[in-house]
1. Once the Cβ-Cβ distance between A71 and K276 is put in as r, and R0 is 45 Å, what FRET efficiency do you end up with, to the nearest 0.05?
2. For a 29 Å ceiling on Cα separation, which of these pairs sit above it: K133/K351; K282/K348; K79/K108; K50/K108; K179/K348; K108/K179?
3. Quick one: Cα centre-to-centre distance for the range 293-353 and the range 124-151, in angstrom?
4. Would you mind putting 129-140, 25-36 in packing order, based on average other-beta-carbon counts within 10 Å, highest first?
5. Give, as a single signed number, the net charge of other residues whose beta carbon lies under 11 Å from the beta carbon of L106, with Lys and Arg counted +1 and Asp and Glu -1.
6. Run the simple label-point estimate for E301 and E184 please: 7 Å along Cα→C-beta, distance reported in nm.
7. Which distance in nm do the two modelled labels at E137 and N172 give, with both placed 7 Å along the Cα-to-Cβ direction?
8. Toward the positive end of the charge dipole of the range 146-195, about the Cα centre and with charges on Cβ (Lys, Arg +1; Asp, Glu -1), which of L158, N172, T187 goes farthest?
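Just so it is clear, none of the values below were taken in a lab; they were calculated from the coordinates. From a predicted model like this one, the values you see are computed outputs, not experimental measurements. For neighbour counting, all protein chains shown are included, and Cβ atoms are generated from backbone atoms with ideal geometry for every residue, glycine included.
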Amino acid sequence: MMKKVDGKPSKLFGGLLTFLRKFLFKVVSVGPIPDHVAFIMDGNRRYAKKHNSHAGTGHEAGYSSLMSMLAYCYELGVKYVTVYAFSIDNFKRRPEEVQYLMDLMLEKIEGLFEHEIIVNQYGIRVYFIGNLKLLNEPVRLAAENVMKATAKNNKATLLVCVAYTSCDEILNAIQEACKCRRNEIQTSKVSGSENEEIHEDKKSNGLVIHDLQESYEDGFHGFEAVDTNRICNRGIGHSAKASCEDDAEDFAIRTCNGLMDQAQVCENQRNLPTIKLVNVEKHMYMAVAPDPDIVIRSSGETRLSNFLLWQTAYCPLYSPTALWPELGLWHLIWAVLNFQRSYQYLEKKRKKM
Ligand SMILES: CC(C)=CCC/C(C)=C/CC/C(C)=C/COP(=O)(O)OP(=O)(O)O
């Protein structure tokens, strides 16, 4: 450790570190840089326990770690960063803990305004992604204010997933796509082109999802609860079982396959109008960003835990054993080098889709 004398040696040391980091980034930038990195911030409470402290200390340390990681990513040229900050499943924690996390979230969301890197240095646009209706009012309003205040920033994007799960996102996108389809059909009924349009839909793409239009009329909510959950759970259930052995790619493909199989069955059985995959995709909360190029999950876990299942079909998962507050520059560099190693293969796979 360098001694601090009038602040000068530590400044020098800091300057040296910045120089080394910039040099390292230049070297790494010889290869492709991911556009989008997603993080599952896992291990805050374990970090607190390891340091004989309470969970709040772990989350505070987690927030600092997030701020450093954002700075590294944007300096490296990553355009989109997504973080899993609070899942819908986290609402099942003890009420006191949920309240604590919500208070912390409010403080941190308000803190994003003050945090220099967000507004001034990197020109970051912030999105809160998820079922924001589930948040309490102060947190929701704070999130909406940050989204409005940063709406004109266009250098980089931060997507904070709160009250989020992939099942919920997929379900919501299907519902929204069905609403749109129903409106289209009603409009075309008026103009008399209904049959033609449905026919077009069926021949244009094998990947179709049952419209749910009739179900909408005869009790859509029942259908939603049973069939669509089954669609999601089937894929995700498969994946959950296999997740210890399989990589993220298999995990996400199984989920999508489960969903599409089930959709096809619905369509064949009921012979109803269909909606296209692309029309579901555009209603995803995450539609504001390209699919992630890497998912990094701290603390050595190799599960996706209901995070971006739709968007990660061709995305490597990197899971260092470090807890989230311990994650640093080297972990990011290592993940990017791994991404570069499999870049050609993944690009080919993506283009085949
Ligand atoms: C505004 C903004 C972006 C705020 C982010 C604040 C932050 C760091 C939230 C993370 C919360 C969380 C549930 C982390 C997972 O660790 P855990 O509690 O599951 O810990 P464990 O895995 O050790 O149990």
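1. Details: r = 40 Å, r/R0 = 0.89.
With R0 = 45 Å, the Cβ-Cβ based efficiency is 0.65.
2. Details: K133/K351 36 Å; K282/K348 23 Å; K79/K108 22 Å; K50/K108 23 Å; K179/K348 35 Å; K108/K179 35 Å.
Where the Cα-Cα span goes over 29 Å, the pairs concerned are K133/K351; K179/K348; K108/K179.
3. After rounding, the separation between the Cα centres reads 26 Å.
4. Numbers: 129-140: 17.1, 25-36: 14.8.
Ranked by mean Cβ neighbours within 10 Å, highest first: 129-140, 25-36.
5. On the way: positive: K108, R140; negative: D103, E107, E110, E137.
Residues close to L106 contribute a combined charge of -2.
6. 3.8
7. About 2.1 nm, to one decimal.
8. Of the options given, the answer is L158.
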